[in-house]
1. Gaussian network model of the chain, Cα springs within a sub-10 Å range: biggest mean-square fluctuation belongs to which of 137, 27, 102?
2. With θ taken as phi - 60° and the coefficients 6.51, -1.76 and 1.60, list the Karplus ³J(HN,Hα) couplings across the range 85-100 in order, rounded to whole Hz; mark glycine and proline as x.
3. Place a +1 charge on the Cβ of each Lys and Arg in the range 1-83 and a -1 charge on the Cβ of each Asp and Glu, then give the dipole magnitude about the Cα centre in debye, rounded to the nearest 20.
4. Given the options 97, 45, 56, identify the residue whose Cα lies farthest towards the positive end of the charge dipole of the chain (+1 on Cβ of Lys, Arg; -1 on Cβ of Asp, Glu).
5. When the chain is treated as a GNM, springs tying every alpha-carbon pair under 10 Å, which of 29, 153, 72 comes out with the largest mean-square fluctuation?
6. Report the extension gain between residue 67 and residue 23 in nm, rounded to one decimal, defined as 0.36 nm multiplied by the number of residues separating them, less their alpha carbon distance.
7. Straight-line reach only, C-alpha to C-alpha below 28 angstrom: list the lysines that residue 100 could link to, leaving out same-chain residues fewer than 8 apart.
8. Rounded to a whole number, what % of the accessible area of the chain do carbon and sulfur atoms account for, probe 1.4 Å?
Amino acid sequence: MITIQPITTTDDDLLTPLTELYEQAFPDYERRDTKKLIKLITDEHRFSCLALMNDGEFVGFFTQWNLDLFYYGEHFAICENARGKQLGSETAKVILAGIKKPLILEVELPTDEWSVRRIEFYKRAGFELSTEHYMQPPYEEGFDFIPMQLMEYGGTLTQTHFPTIVKTLHGEIYGIKIA
């Protein structure tokens with residue numbers, strides 16, 4: 001059974017396996033520097049870093065932002081040795097059961113088997129795929145914008161307030177101001 005354990009301090013024993021998985025699961029251009037992640041964990045009240053536990057064992061993590069109109073699910077990863085056991089689906093159910101406003105995700109364009117599978121996973125969890133064009137800003141200097149799509153659970157913001165979502169994500173998460 002999946003349980004969620006928030007990580008809020010740098011002395012949490014789960015921080016080491018979490019940062020190792022973070023660096024392993026996401027290429028440099030799809031994540032911020034690990035030191036910046038740790039600073040968010042300790043200093044940013046809108047940011048939550050959730051360790052995913054299965055029978056007391058660390059099996060993954062989910063990070064999210066609590067923004068004005070919506071939650072933003074930033075990163076979600078399951079440890080390689082825990083994949084294929086329906087833990088991702090179980091985690092999605094636990095997380096989605098606790099949200100009180102729409103949850104927005106960025107997903108890669110469906111250009112290969114893994115990106116298609118990821119989108120289908122989120123669709124099975126109840127997310128809807130937006131057809132609007134979206135560019136994810138780089139987390140760090142030296143990387144390019146990445147073409148992506150947004151997915152939403154629990155609302156219709158991507159249909160009714162897409163420009164506001166983009167402006168919020170770019171400004172609040174990536175530090176880019178859009179007029």
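1. 27
2. Coupling constants for the range 85-100: 10, 6, 6, x, 5, 5, 4, 4, 4, 5, 5, 5, 5, x, 8, 10 Hz.
3. Dipole of the range 1-83, to the nearest 20 debye: 220 debye.
4. 97
5. Highest fluctuation of the listed residues: 29.
6. The residue 67-residue 23 span can extend by a further 13.3 nm.
7. By straight Cα distance, residue 100 reaches 36, 39, 85, 123, 167, 177.
8. Whole-percent figure for carbon plus sulfur exposure: 50.
The values are calculated or read from the model by the stated rules, or taken from the named source; none is laboratory data. Note that the structure is predicted; figures quoted are calculated from it, not measured. So basically every Cβ, Gly included, is an ideal-geometry build from the backbone, and we count neighbours across all protein chains shown. Accessible surface is based on the protein model in full, side chains and every heavy atom, while ligands, DNA and RNA are left aside. Shrake-Rupley method; radii C 1.70, N 1.55, O 1.52, S 1.80 Å.
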